[in-house]
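Here the structure comes first, spelled out in structure tokens, and everything after it is commentary.
The values are calculated or read from the model by the stated rules, or taken from the named source; none is laboratory data. The structure presented is a predicted model; accordingly, all values stated were derived computationally and were not measured. Because the Cβ atoms are built from the backbone with ideal geometry, glycine has one as well, and the counts that use them run over all protein chains shown.
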Amino acid sequence: MNRTLPPNLSEARFDQALDAWRAIVGAAQVLSSPDALDGYRDPFAFASQPEFAVTDASAAIRPASVDEIRAVLRVANQYRIPLWTVSTGRNFAYGGAAPRLTGSVVLDLQRLDRILAVDETLAYALVEPGVSYFDLHAYLRDKGYRLWVDPPAAGWGSVIGNTLERGFGYTPYGDHAAQQCGMEIVLANGDVVRTGMGGIDTGTAWQLYKPGYGPSFDPMFMQSNYGIVTKMGVWLMPAPPAYLLGEIQCRHEHDLGAIVETLRPLRLDETIRNHAVIEGGLRRAAGLGARRQWYDGPGPMPESALVAMLDALGVGRWNLHYALYGTPELIDARQAIVQRAFASVRDASIKVSRYRGDAQPVGGADRNLAGIPSMAAFRMLDWRGGAGAHVDFSPLCPATGAHAMRQYTMTKTRAAEYGFDYYGGFTAGARHLHHVFAAIFDRHDAQQSELAGQLLRVLISDARAAGYGEYRAHLGYMDFAAAQYSFNEGALLRLSETIKDALDPAGILSPGKQGIWPKAWRNRRGYT
Ligand code: ADP
């Protein structure tokens, strides 16, 4: 296999840079052989498909401290080698740990894995990039802190990586970006900045008050390539005395509109405070078994097979998962309101289970709503068989029934044209829904993989035509998704790139992330 080199760099110069990095972090922490770099490829990529940037890193470096990061950065600046920062690199379905620009060196921060502070009174933690949701959850439990984490769908990812990508979970703290307070960032020039109240070096309120004094910068470091985040504060939910898990099953396809219309007022007035999830029936069923039990033919699962499967499994066409937290009296009062509201949805049935705050839910699926990380989401990979993979279409959806039905119908119809089932659902903020559709494919099946790639591109452009934008995108679509934000001939991206060039004139940090290309690499837009 040919060696991948950083762009515009000779092999000899690259070897010099690698030696310089070895002197900083130790030889064992500089990975450059093809085998060692296997873990830095997109786990769901496939070679035949140009849509998915099958980008290879030229090396990976695993520093263990902020000082080492700064020294690594000095070498990168000296040799003009782009660094692609990841925390734990588990951004699956969006590219994993792979870089956007081929030949970038992955700066892997998993060895910075300390939980630096937990404060039970003020309900927050301060963590380093290598801390996963599993780690933080286990730590809180072992030490007896009465605080919950808010895990995303797959609990093995890092708190920092997920928050920076604006990932979300399912408790009232489900909007991860909104629960972030205070960061430490290494800038491209090596400067170390603490945001907000962290600007006071003997500070007492870094994790308590986001704005600080003067302009606020934290959101600028989310889904951007402006810095390397080395510490982050995260607010944690005080463990409630009790909680209730509810599932409302609805039988008809068009019920989606009524569910959204019924749910929104309950989210807005905070009767339901968590990120409730409206799961499509097929997605719910995929958590229970593989597709071939129900249908093994070509094309999307036909309506008759879908209905038979849902009936056999006792799963709704749409399944709303919500939770209520607090004292038993409060939960009962809220549950009565929810029940009254959903009584108007024809044929809807409600199942609830009540738990003490320290009890675990029975059965696997809803652990996330109880603040317990899990990996149940990975079951989806078995849906179609073979080497299961998926790529996600994630448009933002206004929280109205009409918009939800429109996005669902558009997506389902297109998916069927390309031979895919509608595997999706909506996660409910108060005013918006995160609509996530996954095209599940066997990555060893060239045709299926290629169709998944084509479908994604069509879905993104359909969405744009209807006034919808993606909230997150796979590496292969970052430029395309950014181009959809085209007001005033792309003024937003121009602003992003102006800031990029000011902060990182040599274009070292994660070129191409979210479609933001520094001057040095701007001609790479659209290429790998
Ligand atoms: P996960 O937590 O799921 O393992 P990753 O580590 O893959 O997430 O991070 C997701 C994305 O977020 C990365 O591709 C990168 O663009 C960005 N990112 C992650 N960690 C950092 C960090 N510490 N500083 C800057 N950007 C980061």
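Quick notes on this structure:
- Count of the range 447-482 residues which are surrounded by fewer than 21 Cβ atoms within 10 Å (Cβ to Cβ), at pLDDT below 95 and acidic (Asp, Glu): 1
- Verdict on Val127 being within 11 Å of the ligand (Cβ to nearest atom), modelled with pLDDT of 95 or more and β-branched (Val, Ile, Thr): yes
- Among the residues of the range 135-169, the ones that are touching a strand residue (DSSP E or B) at 6+ places or on another chain (Cβ under 9 Å) and not in a helix (DSSP H, G or I) come to 17 in all.
- Condition check for Ala177: more than 11 Å from the ligand (Cβ to nearest atom), under 16 Å from the mean Cα position of the chain (by Cα) and assigned to a helix (DSSP H, G or I): yes
Okay, residues lined up against (1) within 15 Å of the ligand (Cβ to nearest atom); (2) touching a strand residue (DSSP E or B) at 6+ places or on another chain (Cβ under 9 Å):
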{"site": "Leu455", "(1), (2)": "no, yes"}
{"site": "Asn488", "(1), (2)": "no, no"}
{"site": "Asp504", "(1), (2)": "yes, no"}
{"site": "Gly515", "(1), (2)": "yes, no"}
{"site": "Thr528", "(1), (2)": "no, no"}
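- Qualifying residue in the range 92-100 (condition: more than 8 Å from the ligand (Cβ to nearest atom), within 20 Å of Asp191 (Cβ to Cβ) and of a type outside the set (Ser, Thr, Tyr)): no
- Put simply, of Glu247, Glu261, Glu279, Glu253 the only residue that is in the same structural domain as Asp358 (by TED's automatic domain parsing), charged (D, E, K, R) and assigned to a loop (DSSP other than H, G, I, E, B) is Glu253.
- Yes/no for Gly196 being in contact with a strand residue (DSSP E or B) (Cβ under 8 Å, 6 or more places away or on another chain) and within 27 Å of Leu493 (Cα to Cα): yes
- Residue in the range 58-75 that is touching a residue at least 60 places away in the same chain (Cβ under 8 Å), under 22 Å from Phe480 (Cα atoms) and of a type outside the set (Gly, Ala, Ser) present: no
- Close Cβ contacts (under 7 Å, 6 or more residues apart or on different chains) running from residues in the range 196-214 that are at positive phi to residues that are basic (Lys, Arg) comprise Gly196/Lys210.
- Number of positions in the range 154-171 that are within 8 Å of the ligand (Cβ to nearest atom), touching a helix residue (DSSP H, G or I) at 6+ places or on another chain (Cβ under 8 Å) and not polar (S, T, N, Q): 6
- Condition met for Phe420 (part of a strand (DSSP E or B) and in contact (Cβ under 8 Å) with a residue 40 or more places away in the chain): no
- The single residue among Val362, Val345 that is exposed (fewer than 12 other Cβ atoms within 10 Å of the Cβ), modelled with pLDDT under 95 and either of a type in the set (Val, Ile, Thr) or outside the structural domain of Leu263 (by TED's automatic domain parsing) (or both) turns out to be Val362.
- The set of residues from the range 196-222 being crowded, with 18+ Cβ neighbours inside 10 Å and either part of a helix (DSSP H, G or I) or within 19 Å of the chain's Cα centre (by Cα) (or both) comprises Gly196, Met197, Gly198, Asp218, Phe221.
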